[in-house]
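Notes for the one structure printed next.
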Amino acid sequence: MINLNFVPPVFGYVVAGIFGAIIGSFLNVVVHRVPIEESIVFPNSRCPSCGAAIAFYDNIPVVSYIVLGAKCRHCKEHISFRYPAVELLTAALFVLVAWHDGLSAALPFDLIFASALLALVFIDAEHMILPNTITYPGIAFALVARVVIPYLVGTPHFDDLPSLSGGALAGMPIWVTSLVGALIGALLGGGSLWLMGWTWEKLRGIEAMGLGDVKMMFMVGAYLGWRLTILTIFVGVFTGSIIGIFLMVRSGRRNMQMLLPFGVFLGLGAIAALLFGAPIVVWYAGQFR
Ligand SMILES: [Zn+2]
């Protein structure tokens with residue numbers, strides 16, 4: 001391993017931020033094209049108003065938006081603030097994940113997981129769907145990460161793994177234990193969301209949630225393990241309910257599920273659990289000793 005200790009940490013965060021802005025620019029394409037089932041590679045970025053191809057020098061994250069004065073170079077149509085906002089948010093997320101992981105072999109995995117969640121959050125916010133083209137590869141990715149990461153950086157990277165490998169599964173190969181942890185997390189995450197939807201359907205006689213939430217929580221549960229998955233659902237339901245009640249009061253309508261993309265709150269909950277969850281669940285578990 002190359003020793004990078006001489007590099008000041010600030011430099012690492014700047015690199016993470018710039019890389020995040022570039023991925024954010026790609027997420028803009030994903031958020032725009034995946035719901036309408038267009039390729040995310042072809043064609044190159046075009047102005048949604050006049051269709052002119054956007055040159056690489058007009059496609060620099062955040063910078064081009066400012067240089068062009070929020071207008072298309074060709075037709076002068078206003079460019080939505082959403083584009084630089086997504087780029088800045090992704091940059092901030094990458095800095096936070098880099099701060100959480102440090103210079104670790106697990107960092108690229110956490111960045112991919114966080115990016116997939118952010119894409120789902122933005123797509124759900126705009127289109128009220130959580131596309132299979134993201135959740136299915138997301139589930140597969142979580143399982144691969146579960147097998148690979150313990151060999152790269154050891155068991156403590158996953159919140160559930162130290163206790164599982166010391167408990168009933170002691171003596172098993174670590175990848176088996178890790179996959180069992182993923183399965184428990186996935187069943188808990190996906191299962192609770194499925195149960196919530198089913199109960200709501202029985203109570204009200206209407207379909208409350210698409211299975212997108214269930215699949216998204218399979219991915220989150222497999223990656224984060226059961227404790228951080230419970231935290232994710234708690235944060236998602238709590239913040240979703242507060243925003244939902246606020247929207248219901250303001251709009252005077254009485255059915256909140258029409259207004260609420262629940263995947264947004266679950267996605268933000270999962271990101272919060274990834275970044276800040278470990279000390280919270282350790283503290284909470286300590287209350288019962
Ligand atoms: Zn244009």
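The values are calculated or read from the model by the stated rules, or taken from the named source; none is laboratory data. Since this is a predicted model, take the numbers as computed values, not measurements. Glycine also receives a Cβ, built like all others from the backbone with ideal geometry; neighbour counts cover every protein chain displayed.
Within 14 Å of the ligand (Cβ to nearest atom), farther than 28 Å from HIS127 by Cα and not polar (S, T, N, Q): does that describe HIS100?
no
Would you check which residues across the stretch 88-110 are touching a residue at least 60 places away in the same chain (Cβ under 8 Å) and under 21 Å from MET219 (Cβ atoms) and list them?
Matches in the stretch 88-110: LEU89, THR90, LEU93, PHE94, LEU96, VAL97, HIS100, ASP110.
If the requirement is being touching a residue at least 24 places away in the same chain (Cβ under 8 Å), assigned to a helix (DSSP H, G or I), out of contact with any Gly (no Cβ under 8 Å at 6 or more places or on another chain) and closer than 15 Å to THR232 by Cβ, which of these qualifies: ALA186, ALA182, ALA142?
Matching residue, one of ALA186, ALA182, ALA142: ALA142.
Scan the stretch 69-80 residue by residue and report those that are more than 7 Å from the ligand (Cβ to nearest atom), assigned to a loop (DSSP other than H, G, I, E, B) and over 18 Å from VAL29 (Cβ atoms).
Listed by number, the residues that qualify are GLY69, ALA70, ARG73, LYS76.
Select from the stretch 151-176 the residues that are touching a Phe, Trp or Tyr at 6+ places or on another chain (Cβ under 9 Å) and more than 29 Å from PHE265 (Cα to Cα) and list them in ascending order.
Within the stretch 151-176, TYR151, LEU152, ILE174, TRP175 qualify.
Check off (1) of a type outside the set (D, E, K, R); (2) farther than 19 Å from VAL235 by Cα; (3) without any contact (Cβ under 8 Å) to a residue 60 or more places away in the chain; (4) surrounded by 19 or more Cβ atoms within 10 Å (Cβ to Cβ) for PHE158 and give me the number that stays unchecked.
Just one mismatch for PHE158, condition (3).
Checking the structure you have, find out if any residue of the stretch 6-28 is at pLDDT 90 or above and either over 30 Å from LEU103 (Cβ atoms) or in contact with a Lys or Arg (Cβ under 9 Å, 6 or more places away or on another chain) (or both).
Checked against the condition, which is being at pLDDT 90 or above and either over 30 Å from LEU103 (Cβ atoms) or in contact with a Lys or Arg (Cβ under 9 Å, 6 or more places away or on another chain) (or both), the stretch 6-28 yields at least one hit.
For residues in the stretch 237-273 being among the hydrophobic types (A, V, I, L, M, F, W, C) and outside any helix (DSSP H, G or I), which is modelled with the highest pLDDT?
That would be LEU260.
What number of residues within the stretch 141-168 satisfy the criterion of being farther than 22 Å from PHE218 by Cα and touching a Ser or Thr at 6+ places or on another chain (Cβ under 7 Å)?
1
Quick check on the stretch 48-64: of everything there that is within 9 Å of the ligand (Cβ to nearest atom) and loosely packed, with under 13 Cβ neighbours inside 10 Å, which residue is farthest from PHE19 (Cα to Cα)?
Among them, the one singled out is CYS50.
Evaluate the following for ASN28: is it within 16 Å of the ligand (Cβ to nearest atom), crowded, with 18+ Cβ neighbours inside 10 Å and not aliphatic (A, V, I, L, M)?
In short, yes.
In the set ALA170, ALA114, which member is among the small types (Gly, Ala, Ser) and touching a residue at least 24 places away in the same chain (Cβ under 8 Å)?
Going through ALA170, ALA114 in turn, the sole match is ALA114.
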